[in-house]
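Scroll down for the structure; my scribbles are underneath it.
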């Protein structure tokens with residue numbers, strides 16, 4: 001990641017955070033530049049890994065799912081990197097964040113509303129995590145605000 | 001939200017979760033349908049609030065920010081709805097999720113790497129929350145996986 005983030009990059013990112021479907025043309029008009037320049041900067045941000053993904057934030061409840069966040073604290077001797085490699089393959093684990101502080105690992109599961117099914121999925125995921133010291137389970141009932149930047 | 005989610009809606013959503021910048025044309029080709037049909041379904045999903053937002057998931061570290069998650073547990077007598085209305089106006093609070101379980105409220109702050117500045121921001125946010133029973137502070141060091149669906 002050798003390229004420096006420019007002021008224009010940040011402005012592009014802030015616009016995309018509000019609406020990732022803005023076209024090159026729309027972004028160029030909003031920022032008073034050319035489509036070519038926008039597309040070049042975005043390609044670079046994608047290649048450098050500054051942009052991890054363009055995605056949709058859905059209302060899981062409306063889709064019939066439950067959104068569960070697992071805040072995991074493991075013992076200091078656990079190899080979190082190794083653990084993440086295993087969890088990455090689990091299709092029930094949709095979001096994985098490595099962390100410091102109260103939790104070492106934040107996992108998001110998008111599961112069925114059937115609580116017995118959900119319990120089974122959570123048990124299967126946590127079984128893969130050795131040395132859990134503490135586990136916080138939080139059920140998101142509504143995403144009220146979501147601004148990436 | 002009177003419309004039923006169809007199988008086509010779910011397929012559109014899963015494609016957009018992978019890449020929210022897919023055009024109507026690309027989606028139509030991938031799903032063997034017409035652009036008109038895709039655009040009509042997406043408009044409906046947006047209007048019904050099934051799609052909350054199209055956004056970008058950035059690498060905050062590369063942008064010079066720290067990504068902090070506050071897991072807040074409040075006393076049972078606290079009016080969480082009222083609390084959310086206040087926090088929504090706070091531009092330091094980027095994500096707000098209402099929840100059940102370990103935490104009643106999940107807040108995300110995208111702050112500066114200067115820890116004294118960050119401490120001030122966290123203190124200002126938590127000062128607005130009456131009746132905190134427990135507060136988990138987690139610093140995300142890396143988003144390893146992000147699949148919305």
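Numbers at a glance
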quantity	calculated
Alpha-carbon Rg with Dmax, taken over chain B, Å	19.0, 54
Axis-nearest residue of B (beta carbon) for the B-onto-A rotation, whole Å	B:20, 2
Acute angle (nearest 10 degrees) that the helix B:7-18 long axis makes with the longest principal axis of chain B, alpha-carbon atoms	60 degrees
Three principal axis lengths of the protein assembly as shown [C-alpha, angstrom, descending]	49, 44, 42
Other copies of residue B:19: label-to-label distances in nm, shortest first, labels 7 Å along the beta-carbon direction	2.2
Label-point separation, residue B:36 to residue A:82 (7 Å along Cα→Cβ), nm	5.9 nm
Shielding of A:11-19 by partner chains, average beta-carbon count, 10 Å	3
Binned Cα-Cα distance frequencies in the stretch A:7-47 - 5 Å width, integer %	5, 27, 41, 24, 2
Shortest-first nm distances, residue B:33 label point to equivalent points in other copies (7 Å, Cα→Cβ)	3.6
Rounded tilt (10° steps) of A:115-127 against the dominant C-alpha axis of chain A	90 degrees
Residue A:10/residue B:23 FRET efficiency (R0 25 Å; Cβ-Cβ; nearest 0.05)	0.50
Cα-Cα P(r), the stretch A:53-139, percent of pairs per 5 Å interval	3, 13, 26, 25, 17, 11, 4, 1, 0
Mean separation of Cα contacts under 8 Å, 6 or more apart, over the residue count of the stretch A:65-140: relative contact order %	51 percent
Exam field: residue A:132 pseudo-label spacings to other copies (7 Å along Cα-Cβ), nanometres	2.6
Sorted peptide list for A:55-62, B:71-78, criterion being average Cβ within 10 angstrom, highest first	A:55-62, B:71-78
Estimated 222 nm signal from helices in chain A, with DSSP H stretches of n ≥ 4 weighted -39500 (n - 2.57), rounded to 500	-11000 deg cm²/dmol
Shielding by partners, peptide A:132-145 (average Cβ within 10 angstrom, other chains)	6
10 Å Cβ neighbours from other chains, averaged over peptide B:88-96	3
Stokes-Einstein D (µm²/s) once Rh is taken as the Kirkwood radius of the stretch A:1-87 over alpha-carbon pairs, at 10 °C in 1.306 mPa s	98 µm²/s
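Throughout, read-outs are computed from the coordinates displayed, never taken from laboratory work. If you're wondering where the values come from, they're calculated on a predicted model, not measured in any experiment. A quick note on method: Cβ atoms are made from the backbone with ideal geometry, for glycine too, and the neighbour counts reach across all protein chains shown.
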